[in-house]
Amino acid sequence: MDRVDNAIADMMRARAVLAPMAGVTDIPFRLMARRFGCAFASTEMIDVNGIVYGNRRTFELMERVPGDSPLGVQLVGQDADKLLYAAEICEQKGFKVIDVNAGCPARKVVRSGKGAALLKDPLKLAAIVRRLVKALTIPVTVKIRSGWDEENLNCMEVAKAVASEGASAVCIHARTKEQMHKGKVRHDITRAVKKTAGIPVFASGDILTAGDAADVLAKTGCDAVFIARGALGRPWLFREINAGALSTSVPSFRDIKDIIIEHFSLHLRFYDEQQSLKRMYKHLAWYLRRFKNLDAVMKEYRRVGGLESFRGFMERLRLDGRRLVV
Ligand SMILES: Cc1cc2nc3c(=O)[nH]c(=O)nc-3n(C[C@H](O)[C@H](O)[C@H](O)COP(=O)(O)O)c2cc1C
């Protein structure tokens, strides 16, 4: 097995891969997932323009740290020259896979011909893949949706087109671009793509528990699942999937508090205090969403101004029955 196949084999062995999530899958989040057994992760989507024009914040998204390997990078772009320029830099930085985003439905992204807009032009997407595969030594994968809308479910054609140009795998989120994140995910379509693509296929969409992961793997025959919203406030999902758990177990409240503190401490390693507090806001809400009185707790969190008051906030935070008290 050559170098190219190794990274894809790593993803298949991982079975549950941390999916790209813009604004979420930064270094602290990935390290939390790793700590609970996530064996392969991806950066959030990174716009190739930011790389081409040397944007500082874009380069921050590409930073690598020990303990966060193997790691794939997802690029969003539509210009083959820029994608190649960005991909070569990523390869030098040690990313194991270049994933091309052909599924992002955000208006800002599709308006400029990127993300899900590439589904409308499979030949262009295939040509991008050909360029990348020819120039790179690491594998190129593509993350797609089922199609643009219900009338244009062309994922099979897209998957075959990129496979024929040397893509090493595809990940399919079997919703249309029009569906965004709503409505039912069509894992029957995922299965059809797996049957016809001729390359490894990864399934994404509504895989929220270890049971879901097992079901989707069995139903679709896919080579791994991508975990996205299921990991928000629940990084331990990877441990459950790895253990083959069929039901979801929630850690004790004390353990959840320790996990929150650990996650916040990781923020402090990579961001300043104010950025850390701000970035932690959504994670805190995700960690605590299963309990009552969340609004009051988040209101109190907004008053936290620094490290000391964060410590005080966490010390005061407790559970009274199912109700949060702070
Ligand atoms: C907050 C958020 C950000 C996302 N950002 C990206 C992204 O940068 N690139 C991408 O390909 N998909 C992105 N996705 C889509 C997920 O990777 C995944 O395919 C989708 O959420 C379906 O999986 P789920 O139902 O398990 O969440 C994002 C999803 C969420 C919820």
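By the count of neighbouring beta-carbon atoms within 10 Å, fewest first, Ser168, Ser69, Ser249, Ser204 end up ordered Ser249, Ser69, Ser168, Ser204. Cross-link partners among lysines for Lys160, C-alpha distance below 16 Å, same-chain residues fewer than 8 apart left out? By straight Cα distance, Lys160 reaches Lys120, Lys124, Lys143, Lys194, Lys195.
Hey, got the dipole for the stretch 253-325? About the Cα centre, +1 on K and R Cβ, -1 on D and E Cβ, debye to the nearest 20? Could you put the intermediate results ahead of the total?
Working: 17 positive and 10 negative charges, 78 e Å.
Value, rounded to 20: 380 debye.
Selection among Trp236, Leu71, Val133 by position relative to the dipole of the chain gives Trp236 as farthest towards the positive end (Cβ unit charges, Cα centre). Taking Ala102, Ala127, Ala87 in turn, the Gaussian network model of the chain (Cα-Cα springs below 10 Å) assigns the largest fluctuation to Ala127.
Please rank Lys134, Lys177, fewest neighbouring Cβ atoms within 10 Å first, as an exposure proxy. Can you show the working numbers first?
Details: Lys134 11, Lys177 22.
The most exposed by this proxy come first: Lys134, Lys177.
Computed from Cα atoms, the angle from the helix 155-164 axis to the main principal axis of the chain rounds to 70 degrees. Taking Cα centroids, how far is the stretch 56-99 from the stretch 134-187 in Å? Each part reduced to its Cα centre gives a spacing of 20 Å.
Rounded to the nearest 20, the size of the Cβ-charge dipole of the chain about its Cα centre is 780 debye, with Lys and Arg at +1 and Asp and Glu at -1.
Round to a whole angstrom and tell me the spacing of the C-alpha centers of the stretch 116-133 and the stretch 196-262. Each part's Cα centre sits 30 Å from the other's.
Of the residues Gly113, Ala159, Ala102, the one whose Cα sits farthest towards the positive end of the charge dipole of the stretch 98-166 is Gly113 (charges of +1 on Lys and Arg Cβ, -1 on Asp and Glu Cβ, taken about the Cα centre).
Could you state the orientation-averaged shadow area of the convex hull built on the Cα atoms of the chain, in nm² to one decimal?
Computed as one quarter of the Cα hull surface, the answer is 16.2 nm².
Rounded to the nearest 10 degrees, the inclination of helix 3-14 to the longest alpha-carbon principal axis of the chain is 40 degrees.
So for the chain, averaging the separation of alpha carbon pairs under 8 Å that are six or more residues apart and normalising by length, what relative contact order in percent results? Numbers along the way, then the final one.
Numbers: 608 pairs, mean separation 45.1, N = 326.
For the chain, the relative contact order is 14 percent.
Take the convex hull of the alpha carbons in the stretch 124-170; its mean projected area over all directions comes to 3.0 nm².
Taking the Cα atoms only, what angle lies between the long axis of helix 80-92 and the longest principal axis of the chain, rounded to 10 degrees? The angle comes out near 60 degrees. Just want the answer: with Cβ charges of +1 for Lys and Arg and -1 for Asp and Glu, which residue in Met298, Gly312, Ile260 is farthest toward the dipole's positive end in the stretch 253-325? About the Cα centre, the residue reaching furthest to the positive side is Met298. Given +1 at the Cβ of Lys and Arg, -1 at the Cβ of Asp and Glu and no other charges, the dipole of the stretch 64-160 around its Cα centre is 200 debye to the nearest 20.
Suppose only helical runs count, i.e. DSSP H with n ≥ 4. What mean residue ellipticity at 222 nm does that imply for the chain under -39500 (n - 2.57) per run, divided by all residues and rounded to the nearest 500 deg cm²/dmol? About -14000 deg cm²/dmol. Each residue in Tyr53, Tyr301 was given a count of other beta-carbon atoms within 10 angstrom of its own, and listing them fewest first yields Tyr53, Tyr301.
Shown in residue order for the stretch 270-275 are the 3J(HN,Hα) couplings computed by the Karplus curve 6.51 cos²θ - 1.76 cosθ + 1.60 at θ = phi - 60°: 10, 10, 6, 4, 5, 4 Hz (x for Gly and Pro).
Coordinate-derived values only; no laboratory data. Note that the structure is a prediction, hence the values are computed from the model and not measured. All Cβ positions, glycine included, derive from the backbone under ideal geometry; neighbour counts span all protein chains shown.
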